[in-house]
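Each remark here refers to the structure printed beneath this line.
The values are calculated or read from the model by the stated rules, or taken from the named source; none is laboratory data. None of the values given here were measured: they were computed from a predicted structure. Methodologically, a virtual Cβ is constructed for each residue, glycine included, from the backbone with ideal geometry; neighbour enumeration extends over all protein chains shown. Remember, those area values only see protein heavy atoms, side chains included, never the ligands or the DNA or RNA. Shrake-Rupley method; radii C 1.70, N 1.55, O 1.52, S 1.80 Å.
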Amino acid sequence: MSLLQVRRDRVTFRLAKPAVSGQVRLRPVAVSLVLAVLAFAFFCVGMTIGDVPLSVSDVLSAVFGGGDSGTGYIVQELRLPRALTGLLAGLAFGASGAVFQTITRNPLASPDMIGINAGAATAVVAGISFGFGGGLGTTTLGLLGGLLTGVLVYVLAWRRGTTGYRIILVGIGIFAMCTSLTDYLLSRAQITEAQASIGWLVGNLANRGWAHVVPLACALAVLLPLVLALSRWMRTLQLGDDVAAGLGTPVQPVRLGLLLSGAGLVAFATASAGPVSFVALTAPQIAQRLARQASPPLTASALTGAVVVLGSDILARTLTASPLPVGIVTGALGAPLLLWLLARANRSGSGG
């Protein structure tokens with residue numbers, strides 16, 4: 001016997017075989033569908049921009065193997081890897097931001113703010129400055145730096161368990177240390193080394209190839225399902241550790257799994273696209289307000305991140321005669337939102 005109830009803003013279902021029940025909120029689903037359509041539109045429009053202008057129909061035909069060989073080469077070898085890198089990096093940044101903001105119960109917590117991006121940047125600059133970056137590559141260095149920083153934040157925040165408050169404080173300290181070390185390395189580097197480092201540090205989708213797409217796609221295929229599997233406990237973590245434990249949530253294993261998964265997502269995204277600023281901070285907050293939920297919805301946050309990165313990349317290539325790195329546009333758009341969040345936190349009495 002099965003039961004299906006449709007109310008104003010949700011659908012409740014209960015199945016006898018298999019014994020499954022649940023509730024689906026309609027607004028978050030509708031928001032996610034609209035964001036998916038918008039992300040696909042930006043994905044296609046972005047591939048029309050370049051020295052050889054193309055139409056959307058030309059792009060779609062070339063993606064699926066149609067059209068002439070010249071258009072196929074331009075789309076599949078030059079523009080599709082860039083678009084896929086932006087799409088996948090946006091998904092990873094948005095999802096990781098939702099994870100960190102949920103487990104810390106703080107809208108200002110994101111990989112940008114707690115040092116994971118900064119750790120990846122330090123590793124890349126160190127590799128370029130000391131000469132071992134050519135062997136490992138910026139992708140590997142950024143990945144190792146981000147993952148090690150995430151583990152370091154968790155270890156230093158451990159004191160018979162971890163709390164969101166300690167993770168934020170330790171992360172801010174790690175962020176300051178890594179930023180200072182990066183600045184020092186840049187000041188000591190040769191001009192060519194400094195230019196190569198800065199070209200990656202601002203976050204850039206230019207000259208991206210399949211070598212950037214494949215590792216990021218594989219990481220998302222593994223980490224996103226893991227985060228979705230752990231997300232059923234994310235809502236209880238927002239109630240506090242004692243309440244969550246009382247409801248049967250394995251608090252520390254879940255928090256560790258979410259932290260490492262979120263760090264892995266942002267590390268792979270940073271390794272492929274550079275530390276694109278403010279996406280992990282802003283995307284969950286935008287998605288939360290669109291879906292009208294108490295916490296950032298994971299799927300909508302990931303899709304919002306993709307929309308932000310792809311839309312910013314279109315603006316970066318069309319606003320000026322010389323294309324800008326995408327990180328400059330996301331930083332310019334994200335900084336006002338950060339100021340608004342700080343002002344809102346102060347008004348509510350949670351800003352210190």
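Condition test on S69, is it free of Cβ contacts under 8 Å to residues at least 60 places away in the same chain and not acidic (D, E)?
yes
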Quick test of your reading of the structure: C218 fulfils all but one of (1) within 30 Å of L315 (Cβ to Cβ); (2) open to solvent by 70 Å² or more (accessible area, probe 1.4 Å); (3) in contact with a Ser or Thr (Cβ under 6 Å, 6 or more places away or on another chain). Name the failing condition by number. (3)
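Residues checked against (1) under 30 Å from V329 (Cβ atoms); (2) of a type in the set (D, E, K, R):
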| position | (1), (2) |
| --- | --- |
| R208 | yes, yes |
| L239 | no, no |
| G246 | no, no |
| Q252 | no, no |
| G262 | yes, no |
Test L185 against the stated conditions and say whether it is crowded, with 20+ Cβ neighbours inside 10 Å and assigned to a loop (DSSP other than H, G, I, E, B). no
Exactly one condition in (1) modelled with pLDDT under 95; (2) closer than 27 Å to A280 by Cα; (3) surrounded by 18 or more Cβ atoms within 10 Å (Cβ to Cβ) is false for A39; which is it? (1)
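Just wondering, is there one or more residues in the range 243-256 that are more than 16 Å from F93 (Cα to Cα), polar (S, T, N, Q) and either surrounded by fewer than 16 Cβ atoms within 10 Å (Cβ to Cβ) or in contact with an Asp or Glu (Cβ under 7 Å, 6 or more places away or on another chain) (or both)?
Yes: the range 243-256 contains one or more residues that are more than 16 Å from F93 (Cα to Cα), polar (S, T, N, Q) and either surrounded by fewer than 16 Cβ atoms within 10 Å (Cβ to Cβ) or in contact with an Asp or Glu (Cβ under 7 Å, 6 or more places away or on another chain) (or both).
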Within the range 214-236, how many residues are farther than 17 Å from A302 by Cβ and touching a Leu at 6+ places or on another chain (Cβ under 9 Å)? 3
Single match in L205, L223 (criterion: under 21 Å from the mean Cα position of the chain (by Cα), in contact (Cβ under 8 Å) with a residue 40 or more places away in the chain, surrounded by 14 or more Cβ atoms within 10 Å (Cβ to Cβ) and not in a helix (DSSP H, G or I)): L205
Report those helices (runs of 4 or more DSSP H) wholly inside the range 232-309 carrying at least 2 residues which are closer than 18 Å to L87 by Cβ and either in contact (Cβ under 8 Å) with a residue 12 or more places away in the chain or under 15 Å from the mean Cα position of the chain (by Cα) (or both). 251-273, 279-291
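Only one of T122, T179, T140, T149 is at pLDDT below 85, part of a helix (DSSP H, G or I) and under 23 Å from the mean Cα position of the chain (by Cα); which?
Result of the check over T122, T179, T140, T149: T140.
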